[in-house]
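Right, one structure below, let's go through it.
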Amino acid sequence: MHHTKTPQPRALGDHTWRDRAACSSTPHHQVDPELFFPEPDEVDRIREAKTLCAQCPVRRVCLDAALENGDSAGIRGGMTEEEREPLHKKLEHRLDYGRVNEVLAGRDIHLTKAERRAVARAAYQAELPASRLAWLLKITEEHAEKLYRRTRREIRNRAVEEEEKVDKTPRSQPHALPVREDLGTAA
Ligand code: SF4
């Protein structure tokens with residue numbers, strides 16, 4: 001059963017990636033943190049910081065963390081704040097099924113609204129209990145049940161729309177599948 005399995009380490013609360021950052025200072029390798037907060041015209045500093053980022057083993061997670069935390073200041077993940085700006089804006093509308101699946105597998109990843117809905121939909125279709133969805137999305141069970149009710153309504157509405165479409169098309173078209181009322185745990 002899914003919910004009895006020990007989840008994988010949760011990624012967001014885990015900041016150990018910072019220890020592997022190419023920009024973190026060690027006794028043998030001092031890095032000036034100010035290097036990562038250049039003015040837009042300080043091209044040499046920008047180049048220097050980006051060179052470190054290019055060799056950094058945690059560049060991707062660093063960039064994701066900056067975007068997820070809305071951390072728009074300074075150079076992160078090899079990108080200046082000006083370069084990252086459109087990504088911060090785009091993030092609100094992101095629907096990345098890879099991330100949705102990671103959350104379903106128990107990882108702690110910050111999702112957009114659209115991705116959280118996709119998790120609820122997938123959990124509902126997999127008939128996961130509301131308590132599991134609550135754990136995955138870090139919400140109350142009551143909230144999870146509400147999400148399931150909404151998901152069930154959405155699925156039903158979509159099926160009705162499909163049926164209406166089918167009614168208007170020639171008879172040779174197959175009918176939409178009936179909605180399964182027994183899915184999910186919602187009341
Ligand atoms: S990608 Fe750049 S800013 Fe991010 S941790 Fe690595 S070196 Fe530091």
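The values are calculated or read from the model by the stated rules, or taken from the named source; none is laboratory data. In this text the structure is predicted, and so the values were computed from the model without any measurement. No Cβ is skipped: glycine too gets one built from the backbone with ideal geometry, and neighbour counts run over all protein chains shown.
Points to keep in mind about this one:
- Residue selected from the range 34-51 under the condition part of a loop (DSSP other than H, G, I, E, B) and loosely packed, with under 11 Cβ neighbours inside 10 Å, by the criterion farthest from the ligand (Cβ to nearest atom): ASP41
- Which listed residue, of ALA54, ALA73, is within 28 Å of SER24 (Cβ to Cβ), within 16 Å of the ligand (Cβ to nearest atom) and at pLDDT 95 or above: ALA54
- Scope the range 80-128; condition over 26 Å from ALA54 (Cα atoms) and among the hydroxyl-bearing types (Ser, Thr, Tyr); matching residues: TYR97, THR112, TYR124
- Among the residues of the range 122-140, those identified as surrounded by 15 or more Cβ atoms within 10 Å (Cβ to Cβ) and assigned to a helix (DSSP H, G or I) are ALA122, ALA123, TYR124, ALA130, ARG132, LEU133, ALA134, TRP135, LEU136, LEU137.
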